[in-house]
1. Which is at negative phi and touching a strand residue (DSSP E or B) at 6+ places or on another chain (Cβ under 7 Å), of 11, 73?
2. Right, residue 62: in contact (Cβ under 8 Å) with a residue 12 or more places away in the chain, closer than 18 Å to residue 29 by Cα and surrounded by 13 or more Cβ atoms within 10 Å (Cβ to Cβ) or not?
3. When both residues are 6+ apart or on different chains and their Cβ atoms are under 6 Å apart, which pairs have a first residue that lies in segment 86-99 and is touching a residue at least 40 places away in the same chain (Cβ under 8 Å) and closer than 11 Å to residue 65 by Cβ, and a second that is of a type in the set (Ser, Thr, Tyr) and surrounded by 12 or more Cβ atoms within 10 Å (Cβ to Cβ)?
4. Looking only at segment 1-49, which residues are of a type in the set (Val, Ile, Thr) and modelled with pLDDT of 90 or more?
5. Would you say residue 90 is exposed (fewer than 10 other Cβ atoms within 10 Å of the Cβ) and in a helix (DSSP H, G or I)?
6. Which of the residues spanning segment 68-81 are surrounded by fewer than 17 Cβ atoms within 10 Å (Cβ to Cβ) and within 20 Å of residue 28 (Cα to Cα)?
7. Go through (1) without any contact (Cβ under 8 Å) to a residue 60 or more places away in the chain; (2) outside any loop (DSSP other than H, G, I, E, B); (3) aliphatic (A, V, I, L, M) for residue 9 and report which single condition fails.
8. Residue 98 is checked against (1) within 13 Å of the chain's Cα centre (by Cα); (2) at pLDDT 95 or above and fails just one. What number does that condition carry?
Amino acid sequence: MTIDEISHLDVDGVRCFADMARDKLPLPGTKKRLEEILNKKIVVLDFRITKSNKRENSDCLQIQFLCDGDVHVLFTGSGVLIDQIQAIKDKLPLKTVVVKIDKYYSFS
């Protein structure tokens, strides 16, 4: 930028780095295991899909949700939950229940 452009810069209109780098920040909340929220009503607030630290060549879904008025996060490698949440990603927040059907977890 030139000095003239800098002197006319509207600093209030400049984007914040934290807003653009948000995918790298952890989602705040108390960690829960999937089994702890089975069959309970939750409100999914946000999610991230990253590479799994536990299984090679697998994805990990991090979900931020409200349950009983508290904010929590959970981590899962469930392919079904990953597929389901990607299908509705533009409709968050939403109410749901996580259920177990045979060997699989699903939003209901």
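The values are calculated or read from the model by the stated rules, or taken from the named source; none is laboratory data. Keep in mind it's a predicted model, so treat the numbers as computed, not measured. Neighbour counts are summed over all protein chains in view; Cβ atoms, including those assigned to glycine, are modelled from backbone coordinates with ideal geometry.
1. On the way: 11 fails: touching a strand residue (DSSP E or B) at 6+ places or on another chain (Cβ under 7 Å).
Checking each option against the conditions leaves just 73.
2. Details: in contact (Cβ under 8 Å) with a residue 12 or more places away in the chain: yes; closer than 18 Å to residue 29 by Cα: yes; surrounded by 13 or more Cβ atoms within 10 Å (Cβ to Cβ): yes.
The answer is yes for residue 62.
3. Going by the 6 Å Cβ cut-off, the qualifying pairs are 98/105.
4. Looking only at segment 1-49, we keep the residues that are of a type in the set (Val, Ile, Thr), and these are 2-3, 6, 11, 14, 30, 37, 42-44, 49.
Of everything in segment 1-49, those that are of a type in the set (Val, Ile, Thr) and modelled with pLDDT of 90 or more turn out to be 30, 37, 42, 43, 44, 49.
5. Values: exposed (fewer than 10 other Cβ atoms within 10 Å of the Cβ): yes; in a helix (DSSP H, G or I): yes.
Yes; evaluated as a whole, the condition is true for this residue.
6. Quick first cut of segment 68-81, residues surrounded by fewer than 17 Cβ atoms within 10 Å (Cβ to Cβ) only: 68-71, 77, 79-80.
Passing the criteria: 68, 69, 70, 71, 77.
7. Looking at each condition in turn, residue 9 falls short on (2).
8. Against the list (1) within 13 Å of the chain's Cα centre (by Cα); (2) at pLDDT 95 or above, residue 98 comes up short only on (1).
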